[in-house]
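The values are calculated or read from the model by the stated rules, or taken from the named source; none is laboratory data. In this text, all values refer to a predicted model and were calculated from it rather than measured experimentally. Here the Cβ positions follow ideal geometry from the backbone for every residue, glycine too, while neighbour counts run over all protein chains shown. Protein only, heavy atoms only, side chains kept; ligands, DNA and RNA dropped before computing areas. Shrake-Rupley method; radii C 1.70, N 1.55, O 1.52, S 1.80 Å.
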Amino acid sequence: MLAFLPLSGKYSFHGKPDRLVTALLDEQSFFTPDQVARFVVTEDSTVQLIDLRTPGEFKAFSIPGSINLPYGDLLSSDLESYLNRGVRNIFYANGDYQANYAFVIAKGLGFDNSYVMKGGLNSWYEVVMNSEFRGEKITARENALFETRTKARKMFTEINSMPDGLKSKYSEAREIERKKLDGGCE
């Protein structure tokens, strides 16, 4: 895959293919939907969620706080304007394929702070959106996990049910905030 990437003169691969494959197979390169839900609920500023789906899919719904970098535009975009070296960049799409490819590309280009949300939005829906309490007893850990999922589901639902104009204003405000944190805006 790496041999056929159409990279411009601005980018060159730093990683060796065997190291990139090893990184892709390392469980520490992934975050679970539950971990991402916790980042969303706590509005963790050390994390940048990157939605690789098309702009239309992103506009229809996305995980709160995400930015859109369509997978098809990954190599033609100025990655420096999307990937922040000071935070953990977490890629996601509907499943794992595009996010895994984006991860390998980002790592190969020297963005060592890149990760993947395991299972993508399919797992997000299964774990977070469809979570429900079952049983008579619940441990403190299970309760905390369920509460985080419930809060993340509520945030997801509220933000994605906003009218398009309001949702785009919210996204613009988040993008300005992100750029200020990156030092790119005054």
Legend entry - Answer residue from segment 95-117, given it is buried (at least 21 other Cβ atoms within 10 Å of the Cβ) and of a type outside the set (A, V, I, L, M) and is farthest from SER62 (Cα to Cα) among those: GLY108
Inset, instruction - Working only within segment 110-150, note down all residues that are under 17 Å from PHE91 (Cβ atoms) and touching a helix residue (DSSP H, G or I) at 6+ places or on another chain (Cβ under 8 Å). - result: PHE111, SER114, TYR115, VAL116, MET117, LYS118, GLY119, GLY120, SER123, TRP124
Inset, instruction - Taking only segment 65-80 into account, find how many residues are open to solvent by less than 10 Å² (accessible area, probe 1.4 Å) and under 17 Å from SER168 (Cα atoms). - result: 1
Legend entry - Verdict on VAL116 being under 16 Å from VAL36 (Cα atoms) and of a type in the set (Val, Ile, Thr): yes
Legend entry - Filtered residue count, segment 125-149, keeping only those that are in contact with a Phe, Trp or Tyr (Cβ under 9 Å, 6 or more places away or on another chain), in contact (Cβ under 8 Å) with a residue 12 or more places away in the chain and in a helix (DSSP H, G or I): 3
Inset, instruction - Starting from segment 26-43, keep only residues that are over 16 Å from TYR101 (Cα atoms), then list their pairs with residues that are open to solvent by 60 Å² or more (accessible area, probe 1.4 Å) and in a helix (DSSP H, G or I) whose Cβ atoms are within a distance under 9 Å, requiring at least 6 positions of separation or different chains. - result: PRO33/TYR125; PRO33/GLU126; ALA37/LYS151; VAL40/LYS151; VAL41/GLU147; VAL41/LYS151
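For segment 154-169, give me the residue count where each residue is of a type outside the set (Val, Ile, Thr), open to solvent by less than 90 Å² (accessible area, probe 1.4 Å) and modelled with pLDDT of 75 or more. Steps first, answer last, please.
Applying the first criterion (of a type outside the set (Val, Ile, Thr)) to segment 154-169 yields 154-156, 158, 160-169.
Now narrow it down to the ones that are open to solvent by less than 90 Å² (accessible area, probe 1.4 Å): 155-156, 160-165, 167-168.
Next, only the ones that are modelled with pLDDT of 75 or more stay: 155-156, 160-163.
Result for segment 154-169: 6.
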